[in-house]
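Read the structure below first, then the notes.
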Amino acid sequence: MIGFIASLLAAVALKESLPVLAVVPYLLRFKGKSLGILGFSVYALALLTLPESGSFYHWEGAKESLLLGFSLLLVLDDILRGSLKPEREELILSAVLAVSALTDYTLVIALPAVFIYRAYRGFGRGALYFGAWFGASLTLVYALKSRLPGPGAEASIIAAVSLAFLFIAERKEVGLNEVGVLEEK
C-alpha cells in the first residue's frame, strides 16, 4: 500500500497523471504475485514515456528522478513482500509520507528515507549499504558534473561505486537477503 501512496504523492508533486497507474500492479497483486510483477513491468515501462523535466543536476530533474525512482521501488517492494492487509507500521509510514508532501523538498527527503527504512526492516544491514551506495553515488556524480562528458560517464561512476560497495559488503560478510519472486503454493 505504501508504494501506491508514494506514487500518488509523486503524481501530485510532479503534476503528472501517469504515476497514478501504480494502482494497476497494486490491484493485480491481490490476484497473485506473478500478475503483480507483470503489471509492475508494464507500469515501469509506461513511466519511461513521461517527458523529461530537465537535467538531474537541476531541481526539477532531480525531483522527478527521486520521486519516480523511489516510488517505483516502493511499488515493487509492495508487490514482492507486502501483505494484502496493511499493518500498523505501513500506515504510520504512509502518514509520514502524506505529511511530508506539504512541500516538494520534504517529500524528496522523506521518500528515500521511508524506502531505506523499509529496506532495512526487510533486509537488515544490506539496506544500509544501499543507502551508503546511493549517497556516495549521488555525491560523486554531482561533484564531478562539470568534468563528466555525458550520461555514459555518469553510469560508469555509478557502476564503479557499486562494485566498491559490493566488495565492502562481501568483505564484511553482509547478509543480502533475497525475496522470492515465485508464489508460495
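Coordinate-derived values only; no laboratory data. Computed from a prediction, not measured in an experiment: that's the story for all the values here. With ideal geometry, Cβ positions are generated from the backbone for all residues, glycine too; neighbour counts draw on all protein chains shown.
Computed values, structure above
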| item | result |
| --- | --- |
| Length released on extending from residue 58 to residue 163, taking residue separation times 0.36 nm less the Cα-Cα span | 35.1 nm |
| Point-to-point label distance, residue 155-residue 121, nm (Cα→Cβ direction, 7 Å offset) | 3.5 nm |
| Greater than 23 Å apart at Cα, pairs in 33/63; 31/85; 31/63; 15/63 | 33/63; 31/63 |
| Estimated distance in nm for a label pair at residue 12 and residue 140, the labels positioned 7 Å out from Cα along Cα-to-Cβ | 3.7 nm |
| Modelled FRET efficiency - R0 41 Å, residue 46 with residue 88, Cβ distances, 0.05 increments | 0.80 |
| Selection of GluC sites (Glu not before Pro), the stretch 3-102, meeting DSSP coil and at most 14 other Cβ within 10 Å | 52, 87 |
| Trypsin sites (Lys or Arg not before Pro) restricted to DSSP loop in the stretch 98-152 with at most 11 other C-beta within 10 Å | 147 |
| Cα radius of gyration and Dmax for the stretch 2-123 (Å) | 13.7, 41 |
